[in-house]
Amino acid sequence: MEMRSGRVVRGVPLNIDLPEGCVANVLSLTTPQDVCRLSAVSPIFKSAAESDDVWQRFLPNDLESILSTALDGSLLLSSASSKKEVYFSLCDNPIIVDHGRKSFSLEKKSGKICYVLSARDLVITWRDTPMYWTWNSNSDSRFAEVAELINVCLFEIRGKINTCLLSPATLYTAYLVFKFASRIDGLDNQPVDVTMKLNEGECGAQTVSWNAHGRFRSTSVTVRGKVHYPKERGDGWLEMELGEFLSMKGEDGELEIRLCDASGHWKRGLIVEGIEIRPKDGLL
């Protein structure tokens, strides 16, 4: 099917005949956000923007492999009427993959891959000792279990992910996703050190604080760089920025994120859902 496009350049109308496949191919070289914008410009773009060829380009090449570890992954692929429907479903409804240990989704504007490492996928010091941490269900969580801090002196959480699971050539930000329990002790006055390592080499270090007011009781506290504080997410949880890293094209490696408060005072009242890794906000 050939399509006629009316175009005006410097007041001169141009008529261009283009096969729909050519228009679809051009759209596939843009971004999902651009495709949605262009589909409102004319019927030509609107028709081409529905093409499976366009939306297939925005889906990960290994999508079937990723969804094979999800309980309902095959159902999504078999029940969707188009690749566009698959795409927006993955943007709006994260899929629990890796046998319940991770959440997988796509960023709507760009199609970049996002993951949430569940609390069970993290290494939490003393996590299997009930007097220090307990595992509970939470109606606000996407995962079956969350970790609740009962009482610890040494607070340490580590998360790891292979960068081959992420979109290449993308600047990512990591966030701790958590909330506070009804009773909180020892979390408002001490900073927490965060380090990020890529292939064993440190790629970032900073200080975070549970205290949203940004005040430390001790004047001897040492902080590294800008201090990050909790922010509302809109889904019943808080998030705290842990740092940024660049996922390089053609380079696979292991990213490790570590939070540690070894100040020696006791802490309780934190509920951890996981660590989210998503493209840095505001890049598009």
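The values are calculated or read from the model by the stated rules, or taken from the named source; none is laboratory data. From a predicted model like this one, the values you see are computed outputs, not experimental measurements. All Cβ positions, even for glycine, are placed from backbone atoms using ideal geometry, and neighbour counts span all protein chains on display. Heads up: the accessible areas ignore ligands, DNA and RNA and are worked out on the full protein's heavy atoms, side chains in. Shrake-Rupley method; radii C 1.70, N 1.55, O 1.52, S 1.80 Å.
Residue count for the stretch 247-270 under the criterion of being open to solvent by 20 Å² or more (accessible area, probe 1.4 Å) and within 24 Å of the chain's Cα centre (by Cα): the result is 8.
Scanning the stretch 40-55 for residues that are in a helix (DSSP H, G or I), modelled with pLDDT of 90 or more and either of a type in the set (Asp, Glu) or open to solvent by 80 Å² or more (accessible area, probe 1.4 Å) (or both) returns 52, 53. Looking at residue 175 and the list (1) under 30 Å from residue 62 (Cα atoms); (2) among the aromatic types (Phe, Trp, Tyr); (3) modelled with pLDDT under 95, which single condition is not satisfied? Tallying (1) under 30 Å from residue 62 (Cα atoms); (2) among the aromatic types (Phe, Trp, Tyr); (3) modelled with pLDDT under 95, residue 175 fails exactly one: (3).
With 82, 105 as the choices, which residue is closer than 22 Å to residue 246 by Cα, small (Gly, Ala, Ser) and at pLDDT 95 or above? Steps first, please.
Numbers: 82 fails: closer than 22 Å to residue 246 by Cα.
Exactly one residue qualifies, and that residue is 105.
Starting from the stretch 19-35, take each residue that is surrounded by fewer than 14 Cβ atoms within 10 Å (Cβ to Cβ) and list its partners that are aliphatic (A, V, I, L, M), counting only C-beta distances under 8 angstrom and pairs at least six apart or across chains. From residues that are surrounded by fewer than 14 Cβ atoms within 10 Å (Cβ to Cβ), the pairs are 19/1; 19/3. Residue count for the stretch 46-90 under the criterion of being under 22 Å from residue 121 (Cβ atoms) and either among the hydroxyl-bearing types (Ser, Thr, Tyr) or in contact with a strand residue (DSSP E or B) (Cβ under 8 Å, 6 or more places away or on another chain) (or both): the result is 12. Here is the figure for the stretch 56-76: residues that are exposed (fewer than 13 other Cβ atoms within 10 Å of the Cβ) and part of a helix (DSSP H, G or I) total 4. Of all residues in the stretch 225-244, those satisfying the criterion of being among the charged types (D, E, K, R) and either open to solvent by 30 Å² or more (accessible area, probe 1.4 Å) or without any contact (Cβ under 8 Å) to a residue 40 or more places away in the chain (or both) are 226, 231, 232, 233, 235, 241, 244.
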